[in-house]
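For reference, the structure discussed in these notes is given below.
The values are calculated or read from the model by the stated rules, or taken from the named source; none is laboratory data. Remember, it's a predicted structure, so these values are computed and weren't measured experimentally. Counting neighbours? That spans all protein chains shown, and the Cβs are built from the backbone with ideal geometry, glycine included. Keep in mind that these areas ignore ligands, DNA and RNA; they rest on the heavy atoms of the full protein, side chains included. Shrake-Rupley method; radii C 1.70, N 1.55, O 1.52, S 1.80 Å.
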Amino acid sequence: MALDALTARERLDATFDAGTMQPLFAQIMGHDPLAFPGYMDKLAAQQQKTGMVEALLCAQGEICGMRAVVCVLDGGFFMGSMGTAVGEMAARAIEFARDNALPLVIFSASGGARMQEGILSLMQMAKTAAAIEDFKARGGLYISVLTHPTTGGVIASFASLGDIMLAEPGALIGFAGPRVIEQTIGQTLPEGFQRSEFQQAHGFVDRIVTRDEMKAVLAQLLRLHGYGKGGARA
Amino acid sequence: MIRDTLSELESLEKAMEHADEEELGALSIRRAALLTGLANLTPVDRVFLARHPRRPRIDDIISALCTDFFEQRGDRQCREDASILGGIALYHGRPVTVIGHRKGHSIEENMACNFGMPGPEGYRKAQRIMRAAEKFGRPVLTFIDTPGAYPGMEAEERGQGEAIASSIALMSRLRVPVIAVVTGEGNSGGALALGVADEVLMLENAYYAVLSPEGFASILWKDPARRDEACGVMKLTAGELYDFGVVDGVIPEPVGGAQRDAQAVYRAMDEAISSALTKLDGLTGDELVARRYDKYRRMAPVT
């Protein structure tokens, strides 16, 4: 089964070398394009609860001495859903990595597109996927780490597009949620369906990585792609 | 209810074919009143029309707009998914690639096409067809009409999420003009997977949304029965999406919906596609990719 959730802040602390982290674009607020009843209040309550402005934290820092951009979706903030703010922050972070020739790591944990922002949430899938493709086309390394749960519009956009695909053990990973699938097919899903191990067996994950080894694996991948001390590429 | 208005209108128009002059006067007055009533539609009405069983389907559209259609089948990996139709055709005498969701006309066809709900193989077929379009310099025209990507076990096993993500990613970088037309239902990632385009056009009574209104009501209010309310708040109509900048042009439909005069719809669609294509024709591959990137990059500016 899935590991207990880390907050985005805990994840960044666990990923970067102590004292090297610099937050990027921390203050982006989204829209209420539908003027959806109660949305702004709910957003304020999420901010109160988590101390975050939105569901994504982006930062640059060093991983075993190698500079990288890391973004983390926090599943505890509005289920890690992607609305206009998350899409914009992700796109800016991806472009920052591109412009500074830094490798990019995104930890995903999301229920998908944020319903309350309607079609503009859907458009963030196109925005982020386009940014990732542009980054990759210019030689950037993108490591996507799938954590529990990664579903809907996030797995159907940037989270699936890694040059390297990692997953934490037992994470639920899929496009449709299990409840929707069960309603559609009228039967109960087998144990382990859509979990990391299932995704690896079906060819969608390079490696399942425990938390103990995550930083070492990321560092290994950076080295294997020619990144060195200070972010320079050999 | 629009359903009742439309069925009264249809039986009345049938009656008018055999009516004498005296009856005709009364029927015409009633018909005019019904048409006036249909001039102002609610979002719920438009969702009804978008899903109308007699709404023009992709095969009708291709036949009306193109000649020499050659269908390309299969994803070249394991399967043919009939819920996406794609191929090469001549549009005003010039080769184009056409791709879109296929729902079929009869119940048998609906079932064979899984009601227009693709699996990953459908999106992978679309991708290989788009790559071929790029290789041969053909513009890509897509037609969107889907209840959504299919949420089934096999679809998940074969990577529905990856298939949609890679379609979106591929479309963002195609070096040929891409024009998408939302013709009916545009639901969620299953629609967007064919919808990343230089110009996104939309029929007046089509809808395009982050999720079906039923799904939206189910997720936010735990009550799919509140779908009418969802239609009202979701801002899913062509006019609203045009105001958001999600849609670049709205294609007019006859009063009462596309099914009432498909030929008029094809003419309007042809005009809109031709003019979009003319606008894009002068651009290089680099320019198209840069322009498309900026378009989506700017979608919903935040501070």
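Measuring with a 1.4 angstrom probe and ignoring ligands and nucleic acids, residue A:10 comes out at about 90 Å² accessible.
Mind jotting down the distance between the C-alpha centroids of the stretch A:155-218 and the stretch B:77-153, whole Å? Centre-to-centre (Cα) distance: 27 Å. For the pair residue B:275 and residue B:294 in one chain, pulling the backbone fully straight at 0.36 nm per residue adds 4.7 nm over the alpha carbon distance. Over all other residues within a Cβ to Cβ distance under 13 Å of residue B:105, the charged ones net out to 0, with Lys and Arg as +1 and Asp and Glu as -1. Pairs of Lys residues in chain B are counted when their Cα atoms are under 26 angstrom apart and they lie 8 or more places apart or on different chains; the count is 9. FRET efficiency for the residue B:18 to residue B:132 pair, using the beta carbon distance and R₀ = 45 Å, is estimated at 0.30. In this structure the protein assembly as shown gives 39 Å² per residue of accessible area when probed at 1.4 Å with all protein chains present. In this simple spin-label model, placing a label point 7 Å from the Cα along the Cα-to-Cβ direction at both residue A:49 and residue A:32 gives a separation of 1.8 nm. Computed on the stretch B:1-160, with alpha-carbon pairs under 8 angstrom and 6+ residues apart, the relative contact order is 18 percent.
Overall shape of chain B was characterised from the C-alpha gyration tensor. The equivalent ellipsoid obtained from it has semi-axes of 33, 22, 20 Å, in decreasing order.
Contact-buried residues of the stretch A:113-153, at a threshold of 30 Å² lost accessible area versus the chain by itself: A:115, A:119, A:120, A:122, A:123, A:125, A:126, A:127, A:130, A:133, A:134 (1.4 Å probe; DNA, RNA and ligands ignored). Expressed as a whole number of Å, what is the distance separating the alpha-carbon centroids of the stretch B:226-303 and the stretch B:60-74? The two parts, judged by their Cα centres, are 22 Å apart. For chain B, the share of accessible area belonging to carbon and sulfur comes to 53 percent (1.4 Å probe, ligands and nucleic acids excluded).
What does DSSP give for chain A in terms of the percent of beta bridges that are antiparallel, rounded to the nearest 5? Percent antiparallel among DSSP bridges in chain A is about 40. Counted by Cβ distance under 11 Å from residue A:2, the other residues give a net charge of -1, where Lys and Arg count +1 and Asp and Glu count -1.
DSSP finds beta bridges in the stretch B:60-204, and of those with both partners inside it, around 45 percent are antiparallel.
Within the stretch B:41-297, antiparallel bridges make up roughly 40 percent of the DSSP beta bridges whose residues both belong there. The C-alpha atoms of chain B define a longest principal axis, and helix B:120-135 lies at about 70 degrees to it.
Using a cutoff of 8 angstrom between alpha carbon atoms and counting only pairs six or more residues apart, the relative contact order for chain A works out to 19 percent. Which FRET efficiency, nearest 0.05, do residue B:225 and residue B:10 yield, Cβ-Cβ r, R0 22 Å? Using R0 = 22 Å, I get an efficiency of 0.20. In whole percent, what relative contact order does the stretch B:41-297 give with Cα contacts below 8 Å and a gap of six or more residues? With pairs under 8 Å counted, the relative contact order is 18 percent. Treating r as the C-beta distance of residue A:100 and residue A:179 and R0 as 45 Å, the FRET efficiency rounds to 0.60.
Would the stretch B:73-129 count as rounded, prolate or oblate if I go by the C-alpha gyration tensor, calling it rounded below 1.5 in a/c and otherwise prolate when a/b exceeds b/c, oblate otherwise? Oblate, since a/c reaches 1.5 and b/c is not below a/b.
May I ask you to list the residues of the stretch A:68-88 whose amide nitrogen lies under 15 Å from a point 7 Å from Cα along the Cα→beta-carbon direction of residue A:2? It comes to A:73-82, nothing else. One Cα centroid belongs to the stretch A:72-110, the other to the stretch A:46-64; the line between them spans 10 Å. Excluding ligands, DNA and RNA and using a 1.4 Å probe, chains A and B jointly bury around 4200 Å² of accessible surface, summed across both partners. Just check the protein assembly as shown against the gyration tensor rule for me: Cα atoms, a ≥ b ≥ c as the square roots of the eigenvalues, rounded for a/c under 1.5, and otherwise prolate or oblate depending on whether a/b exceeds b/c. It is prolate, given that a/c is not under 1.5 and a/b is the larger ratio. Stokes-Einstein diffusion for the stretch B:1-40 at 10 °C, viscosity 1.306 mPa s, with a Kirkwood radius from C-alpha pairs, works out to 155 µm²/s.
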